[in-house]
Amino acid sequence: MIRRFLFRASTRNLVVPIVACVVLVAVWGRPLGWVLLPFVAVTLAAAVLFAVHHAEVIAHRVGEPFGTLILALAVTIIEVSLIVSLMMSGSATASTLARDTVFATVMIVCNGVVGLCLLIGALRHRVLVFRFEGTSPALSVLATLAILTLVLPSFTVTTPGPNLSKAQLVFVGLVSLILYAIFVFVQTVRHRDYFLPAGEDSGDGHADPPSNSVALASLGLLFLCLVAVVGLAKVLAPNIESAVEGANAPHAVVGIVIALMVLLPETLAAARTAMRNRMQISFNLALGSALATIGLTIPAVAAISILLGLRLDLGLPTKEMVLLALTLLISAMTLAGGRATVLQGAVHLVLFVVFLFLAVIP
């Protein structure tokens, strides 16, 4: 009976990612009717769930913080591909797409994901403990990258508007890439112990890790799941856009909804680790995702915009700057102490709701 259950589970782990990619190929470029729409939405949800499973298998094999880093990098690389493809489409909002996506990701991660993990963890375990040696450096890098890429372009004078000159764009892209690379080095080599749960040296609990072949298979299936998640999110985008236009909401809401769907695997994985009172792993996932989004997305879109001569607006409007500054300030207060309760989770979630409300009613 147990062997039959394990066989069925392993079969699902293999079949679902493949079926999700087949569905993506079948519906790509086709308008979704009321029959296909719920089917695609269910497939997207299944791809998210199995992406989290395969990410946990890999994390168990390679140990922390490498496991969380793999998931963050995989999601970000595919997200960059999606942004670049939309930028090259020549739409009216292509010049601000990278800025809106990066800003939405930072707000969703620092307020939505972090707030959700703190609330879930604190309701179950009352007081949460994590390593401030790992969270504070991650937040300092995130704040630096966010200000350099999203705020500073609105105040430079070489070019008019919220964009940078070619030399400034190259400089910002290189600085973002180098700073992110240094953070990865510190996280995985130099001070790896800072990013492990308190009292834990490596690994994931006391269970035996999977074999190399199982981990490699999960890595390939994780990639298929993430391709399906991003692709199906893009397929659903026209329907989301129609709903947004029908509600007379700003076009930026479309990017927020797509970012929410793309971040679902990491959000679910972070929430599950928070329920197990492993807050450091949750923060590694959340902050690592935001760092990878800026550290990899900005250099990629900067290079594409320079090579193809595309306009790239990076500077945020005033309202968004205020929300970003408040988010970084509250995040610093939350993550600098090494302990948190349900109150901090509630504050972050309130900021997340404010972000969503002002995106719909600016």
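Since every read-out is calculated from the coordinates, none of them should be taken as a lab result. Just so it is clear, the structure is predicted and the values come from calculations on it, not from any experiment. All Cβ positions, even for glycine, are placed from backbone atoms using ideal geometry, and neighbour counts span all protein chains on display.
Brief remarks follow.
- Charge tally in the Cβ shell below 14 Å around Gly338, where Lys, Arg are +1 and Asp, Glu are -1, Gly338 excluded: +1
- Dimensionless Rg over Rh [the chain; C-alpha; Kirkwood]: 0.96
- Per-residue Karplus couplings for the range 165-174, computed as 6.51 cos²θ - 1.76 cosθ + 1.60 with θ equal to phi - 60°, are listed in order as 6, 4, 5, 5, 5, 4, 4, 5, x, 5 Hz, Gly and Pro entered as x.
- 3J(HN,Hα) from dihedral phi, the range 213-230, Karplus parametrisation 6.51/-1.76/1.60, rounded to Hz, x for glycine, proline: 5, 5, 5, 5, 5, 5, 5, x, 5, 4, 4, 4, 4, 5, 4, 5, 4, 5
- Neighbour counts of C-beta atoms inside 10 Å place Trp28, Trp34 in the sequence Trp34, Trp28, starting with the fewest.
- The chain, dipole about Cα centre (Lys/Arg Cβ +1, Asp/Glu Cβ -1), debye to the nearest 20: 520 debye
- Over the C-alpha trace of the range 164-320, radius of gyration and Dmax come out as 19.2, 53 angstrom.
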